[in-house]
1. In Å², and per residue, what accessible area does the range 381-618 have when probed at 1.4 Å with the other protein chains present?
2. Could you give me the ³J(HN,Hα) list for the range 220-228, computed from phi with Karplus coefficients 6.51, -1.76, 1.60 and θ = phi - 60°, whole Hz, x at Gly and Pro?
3. Hey, any idea what % of the range 381-618's accessible area is carbon plus sulfur with a 1.4 Å probe?
4. Multiplying the sequence separation of Asn563 and Ser229 by 0.36 nm and subtracting their Cα-Cα distance, what value in nm do you get?
5. If R0 is 35 Å, what FRET efficiency do you get for Ser125 and Trp403 from their C-beta distance, rounded to 0.05?
6. Only Cα pairs under 8 Å and at least 6 apart count here; give the relative contact order of the range 381-618 as a rounded whole percent.
7. So if we plug the beta-carbon distance of Lys322 and Asn585 into 1/(1 + (r/R0)^6) with R0 = 56 Å, what FRET efficiency do we get, rounded to 0.05?
8. Determine the sum of side-chain charges near Cys541: Lys and Arg each +1, Asp and Glu each -1, restricted to other residues whose C-beta is under 11 angstrom from that of Cys541.
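The values are calculated or read from the model by the stated rules, or taken from the named source; none is laboratory data. All of these numbers come straight from a predicted model, not from anything done at the bench. FYI the Cβ positions are ideal-geometry reconstructions off the backbone, even for glycines, and counts take in every protein chain you see. To get the accessible areas, we keep the full protein, side chains included, count just its heavy atoms, and leave off ligands, DNA and RNA. Shrake-Rupley method; radii C 1.70, N 1.55, O 1.52, S 1.80 Å.
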Amino acid sequence: MRMASNETSPFESREMLATFVSSTPLLSESWRLCSQANATPFRTFVTERVGAAVYVAFSGVHMAGESDPNWRSLIPLDSIGGVPLFSSRRSKEGEEPVMVHAGMLNLFFSLFNSFQNQMLEIVGSKDTKSVVITGHSIGGATASLCTLWLLSYLQSISSSVSVLCITYGAPLLGNESFSQIIFKERWGGNFCHVVSKHDIMPRLLFAPITSLSTQLNSLLQFWHLSMTSPDMGKLANQISEKEKDKLFTAVVDYLETATQDGETSVPILFHPFGSYFFVSEEGAVCVDSSAAIIKMMHLTLATSSPASSIEDHLKYGDYVNKMSAQTLYQSNSMQKSIPDSSYEAGLELAIQSSGIANQESAITSAKECLKTTRRMGPSPTLNAASLALSLSKVVPYRAQIEWYKTWCEKQDDQMGYYDSFKSRNSSSSKRGMKVNINRCKLARFWNNVIDMLERGELPHDFDKRAKWVYTSHFYKLLVEPLDIAEYYGKGMHRTKGHYIQHGRERRYEIFDRWWKDETVTTGKEENKERSKFASLTQDSCFWARVEEARDWLNCVRSERDTNKLALLWDKIENFEKYAIDLIENKEVSSDVLFKNSSYSIWVEDLRELKQLKAKVQRFPHQFTGFLDGEVVP
């Protein structure tokens, strides 16, 4: 078959990926631990080391919604245990905040301290190379939240420990913003949600089920007792066939309406995230598109029955045990019926593995659903190659800025790169205007790189590739001082606040992380003594810190509150020490020390203020006005 130039690959790999995963010990080991955790409900989670991998399984025998009368409350999520989540993301005006299920988040917080202590010990061990966090039912939602915390924590310390979350029949967890931000953080691949063809639990929160809270409580009690022991399930209050049918119909009908196109569609409060591993007696298929996941959730459940939708939640052990042999048998038995087209062959394999090949009414819709997830356009590898060509086209802009920096350092005004750009005006030569245009062009290029990466259009390891890490780092050191100069030169700090907290572009925060990960991974953190000053100041935010320090000095001159005054002096002295260390280590550009640079002026102002402060302390009766904040030296 001839490959179309605008396709990533004509062969659909969903069934192949599912077959590969099922052939590894990941599913069997994680399910074994889930079963163990469910059987010991007095323990919130169990851990087990298997070589360099550590498995952590959360019990599904919990009631996350019993304190929530409407079962579908969402609350914002921005940090866990003091660790900011999605730290490089700033909410845009009008954008829906990241929110998760209130009951599940509260349940997670009740378990977090014990989990955190054990997890810090596990990832701190040199023997730990990977962590697999798993859970069945509500335990899967807890596992997902724990995985988010661990991913954020490991990212903050630039750890190389890999993390995978595997859930079984887990309920939905968060809103669309939650789903999107996990995709943008490129953490989708860290989550594998195993969902059986008939299980209603992963689909419950799609529908408004407030009026069915009594049935839901009885259902959860039945599931929980059955997870602990099949015999104990018989002790639960049995749900009538009529109630089962009412619950099943409510979910199927709402999903059907939600997946329709046009005005007849209804809103969806909870959205899936990560990869979904749909399992059936015929095999498994892997889907990672949110829209396709929702559609497959409906198509597969619609072929079920009320009783099967409840019983299937307790059958994941059977699916896991059969899966490897079943997928191998299926692949061998299909050889005669596979179409000539590799793309169509992939679709056929996916349909048969999903367990709906015998449901004529669902096959067409399922094929259309899977086709929507087919990646069109150039592959990530080709995109990366094209981006390298685009980079070569913007290199001249960077070179012109480098030349401008050299020119500034040769001027008689002794202002340097930062202050020359900051003080430029409309009457200045075209040189500053040209540099500003180039600054904006480079910003557009790098913002596009970030956008492509977050859309999944670049290779997964793109941000680990040395060429792009070092190029972005050099760009940041060269250009961010100009951004800072523009910010303070136009007085934006007076309305928005200081640059680092209120004006810094997200791309620089991302490049900080790339560089930190690179230096930790390769061990190339520069510890060598420099024989001369750096060509570029190694802290790209140095001038923003200078501007804040200047503001502190101004506040000292007028502040009357002794406690606030002491805090200001602490900040000033800390920055003074920080700057001196940078200079002594020659990690600043030589123009930082120019006579008329903002830093040199700040140092002189500080020296005069310290002298005055010393006089005040020696002769307080002569400086009563100064002590009252009335004299500005």
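1. Values: 12680 Å² over 238 residues.
Heavy-atom accessible area per residue stands at 53 Å².
2. Once θ is set to phi - 60°, the couplings for the range 220-228 become 5, 4, 4, 4, 5, 5, 5, 5, 5 Hz.
3. Numbers: 6290 of 12680 Å².
Whole-percent figure for carbon plus sulfur exposure: 50.
4. Numbers: separation 334, 0.36 × 334 = 120.24 nm, distance 6.23 nm.
Length difference between fully extended and current span is 114.0 nm.
5. Working: r = 51 Å, r/R0 = 1.45.
For Ser125 and Trp403, the calculated efficiency is 0.10.
6. Values: 198 pairs, mean separation 57.3, N = 238.
RCO, the range 381-618: 24 percent.
7. Working: r = 62 Å, r/R0 = 1.11.
In this case the efficiency is close to 0.35.
8. On the way: positive: Lys476, Arg504, Arg545; negative: Glu480, Asp483, Glu509, Asp512, Asp539, Glu547, Glu548.
Taking every Cβ under 11 Å from that of Cys541, the sum is -4.
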